[in-house]
Every structure is written in C-alpha cells, then in structure tokens.
1. Taking residue 149, is it part of a loop (DSSP other than H, G, I, E, B), out of contact with any Lys or Arg (no Cβ under 6 Å at 6 or more places or on another chain) and either outside the structural domain of residue 26 (by TED's automatic domain parsing) or within 24 Å of residue 202 (Cα to Cα) (or both)?
2. Where the second residue is basic (Lys, Arg) and not in a helix (DSSP H, G or I) and the first is more than 13 Å from residue 107 (Cβ to Cβ) and lies in the stretch 18-38, which pairs have Cβ atoms under 9 Å and are six or more apart or on separate chains?
3. Hey, does the stretch 70-92 have a residue that's small (Gly, Ala, Ser), in the same structural domain as residue 210 (by TED's automatic domain parsing) and either closer than 30 Å to residue 209 by Cβ or surrounded by 16 or more Cβ atoms within 10 Å (Cβ to Cβ) (or both)?
4. Would you point out the residue of the stretch 193-221, among those that are crowded, with 18+ Cβ neighbours inside 10 Å and in contact with a helix residue (DSSP H, G or I) (Cβ under 8 Å, 6 or more places away or on another chain), that is modelled with the lowest pLDDT?
5. When only residues in the stretch 52-99 that are among the charged types (D, E, K, R) and modelled with pLDDT under 90 count, which is nearest to residue 16 (Cα to Cα)?
6. For the stretch 57-69, name all the residues that are free of Cβ contacts under 8 Å to residues at least 60 places away in the same chain and either over 11 Å from residue 103 (Cα atoms) or not assigned by TED's automatic domain parsing to the domain that holds residue 15 (or both).
7. Which numbered condition trips up residue 233, out of (1) without any contact (Cβ under 8 Å) to a residue 24 or more places away in the chain; (2) surrounded by 16 or more Cβ atoms within 10 Å (Cβ to Cβ)?
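The values are calculated or read from the model by the stated rules, or taken from the named source; none is laboratory data. Predicted, not measured: the structure shown is a model, and the values here were computed from it. Here the Cβ is made from the backbone with ideal geometry for all residues, glycine too, and neighbour counts use every protein chain on show.
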Amino acid sequence: MEVDMFNLFRKKKLIKEKDYIFLKAITESLSNKYPYLPDQISKEFILDKLPNQLGDKGTYMLTLNAKLEPKYSNKSLPQFFIIRNIGVWNNAKKSFEQIELHILEGMLAGFRVVSKYSDFNLKKIDTSKVKEKHFNNKDKDTLKKIIGNIPSNLLSQLDIEDTFKIEIPEGEFYIIKDLEDGNYLSMDEKGAVYGMIHDPYEIEKLFDNKERFFEALKSRKFNISEYYNIKMS
C-alpha cells in the first residue's frame, strides 16, 4: 500500500489515540490465536483510518506504512479473512457487542465497530465465540466465466485469483484489480468495467464491455497505474 505523503500531511488525520487504545485491547485479547497482531498497533505502522464506503456501517480501512509492511506481512496466511464475533461489553446497551477485524496477509487492514468507544468496557472482552470468515473460490470461478479466455500477458495485470464480490446499491461487482487503500477496478456480470473509488465515493463505468477493456489494455490506451494516479491526484 503506497502512502501519498503529500496528501497524508495535507489532510487531517481521522485516526485518534482512542483508536490505538481500542485496537490494542482487541488484538491483545486475541494474542493466543493471533500473536502477530498486537505488535502492529503502533503509530509508526498504522498511519490513519478511513471510512470504507463499500463496506457495512462502521467499517474502516487502515492506511499502513508501506515501508513496514514487509515486517508484518505473511503470505503463508490467507490472502484475506475476517475475524468475527469478538464480543466487547457495551455499558450503554448492557450486552456484548460484536467487533470485526479485517486481516490482509497477516496485517490488520481494517475493522468494524458501530458504537462509540466510550460505551465499551475494554476489560470485558469475550473471544470464546470468535470465528473466521474466509472467501471461497465461487466468486473466482464466476469471474473467470465472465472474462473467458484472454492472453496471459493481459491476465497477469489483474488480480483474478484474489477476487471477491461486492454488493452495493449500484449493483454487484467482481474485483479484477486491487488498487489498494479500498480502491478497485471491477467487472459486473455483463462484463462492463468500473472504477471504484472510496474517497470521495465514486462508481465510474470505464468500459461498456470486456472486449473494449482488454483491447485498451493490449494497445496501452488504458493503463491501470496511470488511471489510479489520476484519480488520486
């Protein structure tokens, strides 16, 4: 995940001290099963948080320090999974509230929490019902059928093996390229290609069909990196 230092200092950070305290308490409660998580909760590694417009209410993405990613990344772990059913006592509701952690190659890439931190008792965390949500090959198989046969030099520019389906009001989309930090290229069931930008939120149709998209890639009239750089500028 490349960090744009100019934008980083230009924009006011959303992450606060209370975020680090909360995430530290949660990850330490999980340290027996996920010993690699607590050390990641630092201001040096987690630079900021951003609301994930493509996720459920209360979902945040974390901006990570790209220079430290090799220290924490573990490609032997699943590419992406969600740790669910982490119970934290909510004083206001007088019950346990469920928290999620989003793990990308062993790194804490995001989380979901609906209530205010001030409502929680971080000394009462229940991890007895923790489960992992993994993403099977069903979405990959569906996307491969949509795409069909294309040359390997074009396929290598995409992230087909790591695809997953996003369901939002605008429709259902299969991720074909992870542009990092919650930004994607995606394809719908008809083969149209879209840019999905989370901040500011935008679903932009780039190509009406897959044939035009792959032809543009082949002729270099469309460059994925250039598109991303333009959207981020």
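1. yes
2. If the second residue must be basic (Lys, Arg) and not in a helix (DSSP H, G or I), the pairs left are 19/49; 20/43; 25/123.
3. No: zero hits.
4. For the stretch 193-221, the residue satisfying everything is 197.
5. Ranking the qualifying residues of the stretch 52-99, first place goes to 57.
6. 57, 58, 59, 60, 67, 68, listed by residue number.
7. (2)
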